[in-house]
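Please treat every number below as a calculation from the coordinates, not as lab data. No experiment lies behind these values; they were computed from the predicted model shown. Glycine also receives a Cβ, built like all others from the backbone with ideal geometry; neighbour counts cover every protein chain displayed.
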């Protein structure tokens, strides 16, 4: 039980008053920046990197742990309340979460997100404590074909967010895919669909599109058909708080989300997007109710847990191997290097109090955010009682602060406005929004893994099912599409 | 209870509030996202300048990432031409990117201030690979380039160019190489270990620890001399391939910057290169000193443009 | 597409009361737009190599295929519209899907959305925020222009101060006066 002793020692580090204070500062700053659309944990930590230079490494990392989780809490809050997911990981949360908020169940949505994040974060941190080295090996085991199969599986989540018409769902998906190919082709370095402009070389930023399709499109739509009857929406209707029923509906999605999120977060490249999508799909497929798409709490609980578990997952290869598998991890690695520390197996032996202090502070940061957020849920929900005109105007201002703050480029503001118009048209003619985003997120990943796998296999398509994992996942994809009609036909015949 | 530990956070908050009020006097373009190598080069250099008392005024950083720095440099060109106190970070990758993306910018237009750091590249194979020397690898490549995928950073970047130069030295047709760009050094390492790539290339700092962990074998380094942290790794030249290449980073001033202001910045960077503060940064970050100032740096850039442009044409990446 | 439309059957279009009387929209232009976008993407894709030495899939293949499918989807959409496919605006709590479009409010909001493109770099965040805030609140029926302008300006200024401290680059505070 050496690990346990080291962890206890870590807690003694993390629980020192000044370190608790840094965890608190980190949580607050992380939440504050995380509520801005488009600004996720990676950028938040990168921004705070210079200001921590004067701190002792242990305190700085404890603060970063708070920032990491804080930024994620901040992102889910805006997704739920104002339908403005700040980053890809909270996109799925917005789908059901905002519907809940609009039905007066915002507090329950926020609560299940907060508690789910806490549960997932805690379990994931436990796994990190005891199983990290084993899980980290996954990164060395999986090949491009496996990742391609994983993106293919995540593409199945389109099926459950398709909306009323298959055609319009596919239109949305392919518009997203079309935006995804803009920019420099990763494999050959050639510009694609940039129309000779410099600005488009870096591609269409996902967060800009997220903000535009959700927030800007909604604003234009509401403006064009504003329902002026006052008091349509109350922040809280009927059941005020997180009920026993909510809990009984939430706990399984929390655990499933954690199980999906943690290992996938540990893999290079999959980040938080794929696990949240898979979790949403899974919950929707498993749900026996028909309230999915209208504000099902499972659709918030699962992806939120997956998102947070993935955040802990990215620390696994980073801490145990020094392998940064996502943007957030890369920024954390840079932070380690700022202190002249090289994460990896040696850091566990050379600087145990730092590593275990960090791991312990993940528990502490998680708990602190829960304690901070649960009482604040009521306050956050009050946001919804701001009069509509001012609420939507405020959303636009925050959207532009986010987009402008990330890139400082007018071209991104132009993309925001234009894609916002697209979002408006999609609402007026009932095209689903989510497939476009799924296309934009997964399209480039899938293309890249496909071409990498093929190049390594010298163009032989069999490499795509050449590993046990890829073969299994591809079979699973086929089953997802082939089984339901098959079962329907069998039932019809019976 | 240590009093200082309580007061520090309070002071931190106050410092945070005041820092923004300081008037920025120099504008620095960082043509990459926050947290990356160029970002830290720029910020660390000015932090060290501040610590060493060379320049203690305000600095206004702008991060405009994308396309190997060409987007940021184009913006820098537009906003800062003729301006004093306007600097930009850039590096070896910019050179290839300008060619690849048909970028309208020309590095010769900017005024070269100083080359600061370099990171040398190492070629590695999996620990259980049958290849134990660079020569083994090259022989295999010459035999069947397609079956031996190579990987590293972006297409046309320094990593790619290093392999291309190696191939040329060995008489292998450059377009025959099966080079697969990886999104990060981490991905290159995993791809080498799991057998997707026969060999990979990356900065020394990214591969070192995985060699120490016994997951990969480092076959060669692109520096002129053996490196102190890799005493057993031969240089490319020792292995018989006349390739020397560094992923360098440097500072440019705006085109047509006023002469005296430009000279002043060169002097400041020369002073920085001799300071203890900068030595500490190099040590902490694991960067190699690669200092070269002013016109000599300009000549160096022109040579790099020539060499990289030629190899990209040979590789069939640009026409 | 038929083969794929397995699940759409269970979510049949609900008949909304009152919507049957107004002429159903027939947005042929969307089909046309999709065909146009598809054509542009196919053109862009076809100007690049479709194959690659080892990867088989070249840089041009994906955009070409995406473009081709968009053209196909545009055609299918037009056929569906000709067959009487219905396009009901999406439900939203704050928008009455059945009410006619308020063009004036829409265009006011549209100006607010496009305003930052030119205004943020030249006017700075606080003033841009104030203007955008006023326009949006106006579009949504608020008549207290001055109050809204002030609120927008305050939100913009506070955001600028706060997030600049935290390290975001939000440009200069008030460029017209040069600071």
### Query
Per residue and in cubic angstrom, what volume does the convex hull of the Cα atoms of chain A have?
167 Å³
### Task
Consider just the alpha-carbon atoms of segment A:39-181 and return their Rg together with their Dmax, both in angstrom.
18.7, 57
### Task
Quickly work out the residue A:286-to-residue C:150 label distance, labels modelled 7 Å from Cα along the C-beta direction, and quote it in nm with one decimal.
5.3 nm
### Query
Under the Kirkwood approximation for Rh and a Cα-based Rg, what ratio Rg/Rh is obtained for segment B:53-199?
1.08
### Summary
tail above 13 Å in the computed P(r) of segment A:133-182, as % of all Cα-Cα pairs, reads 69 percent
### Message
Starting from the 7 Å offset along Cα-to-Cβ, what nm value, one decimal, do you get for the label separation of residue B:271 and residue A:458?
### Response
6.1 nm
### Summary
Length gained, residue B:79-residue B:183, 0.36 nm per residue minus C-alpha separation, equals 34.4 nm
#### Entry: Rg to Rh quotient for the protein assembly as shown, alpha carbon positions, Kirkwood Rh
0.95
### Summary
To the nearest 10 degrees, the tilt of helix B:3-19 (Cα long axis) against the first principal axis of the alpha carbons of chain B is 80 degrees
### Message
Please list, short to long, the whole-number percent of alpha-carbon pairs of segment B:56-98 in consecutive 5 angstrom bins beginning at zero.
### Response
5, 21, 29, 23, 15, 6, 1
### Message
Once you compute Rg and the Kirkwood Rh from C-alpha atoms, what is the Rg to Rh ratio for segment C:25-91?
### Response
1.18
### Task
Specify the inter-centroid distance of segment B:97-133 and segment A:140-178, based on alpha-carbon positions, in whole Å.
35 Å
### Query
Using the Cα atoms as the points, what is the convex hull volume per residue of segment C:103-177 in Å³?
80 Å³
### Query
Normalised by the number of residues in segment B:120-221, what is the relative contact order in percent for Cα pairs under 8 Å and 6+ residues apart?
48 percent
### Query
When N counts the residues of segment A:157-214, how does its alpha-carbon radius of gyration compare numerically with 2.2 N^0.38 Å, as a ratio?
1.33
### Task
When you have a sec, figure out the Kirkwood radius of segment A:270-370 from all distinct Cα pair distances and drop it here in Å to one decimal?
15.4 Å
### Query
Hey, what did segment A:260-395 get for relative contact order, percent, Cα under 8 Å, at least 6 apart?
21 percent
#### Entry: Förster radius 45 Å - calculated FRET efficiency between residue B:51 and residue A:479, Cβ distance, rounded to 0.05
0.15
#### Entry: Convex hull of segment B:120-221 built on C-alpha atoms - directionally averaged projected area, nm²
5.4 nm²
### At R0 = 60 Å, FRET efficiency that the Cβ-Cβ distance of residue C:165 and residue A:490 yields, to 0.05
0.40
### Message
Given the DSSP H assignment, sum -39500 (n - 2.57) over each helix run of at least 4 residues in chain B and divide by its residue total; what's the result at 222 nm in deg cm²/dmol, nearest 500?
### Response
-13500 deg cm²/dmol
### Hull shadow area, averaged, segment B:175-315 [alpha-carbon convex hull, nm²]
11.0 nm²
### Task
Return, for the Cα atoms of segment B:35-133, the radius of gyration and Dmax in Å, separated by a comma.
17.2, 56
### Query
So what's the convex hull volume per residue for the Cα atoms of segment A:288-338, in Å³?
86 Å³
## Note on the structure
So for R0 = 56 Å, FRET eff. of residue B:176-residue B:60 from the Cβ-Cβ r, to 0.05, ends up at 0.75
### Task
Using the number of other C-beta atoms within 10 angstrom as an exposure proxy, rank C:57, B:233 with the fewest first.
C:57, B:233
### Summary
Taking Cα atoms, the helix B:37-51 axis meets the longest principal axis of chain B at an angle in degrees (rounded to 10) of 40 degrees
#### Entry: Cα-based Kirkwood hydrodynamic radius, segment A:124-225, one decimal, Å
17.5 Å
### Message
If I model chain B as equal point scatterers sitting on the Cα atoms and use the Debye formula, what is log10 I(q)/I(0) at q = 0.07, 0.10, 0.11, 0.15 Å⁻¹?
### Response
-0.31, -0.61, -0.73, -1.19
### Query
Which whole-number percent is the relative contact order of chain B (Cα, under 8 Å, 6+ apart)?
26 percent
### Rg ratio (alpha-carbon, reference 2.2 N^0.38 Å) - segment A:78-136
1.39
### Message
Quick check on chain A: helices-only [θ] at 222 nm, where DSSP H runs of length 4 and up contribute -39,500 (n - 2.57) each and the sum goes over total residues. Nearest 500, please.
### Response
-23500 deg cm²/dmol
### Summary
The helix B:276-285 Cα axis meets the longest alpha-carbon principal axis of chain B at an angle in degrees, between 0 and 90 and rounded to 10, of 40 degrees
### Task
Translational diffusion coefficient, Stokes-Einstein: compute it for segment A:403-494 using the Kirkwood radius over C-alpha pairs as Rh, at 25 °C and 0.890 mPa s, and state it as an integer in µm² s⁻¹.
141 µm²/s
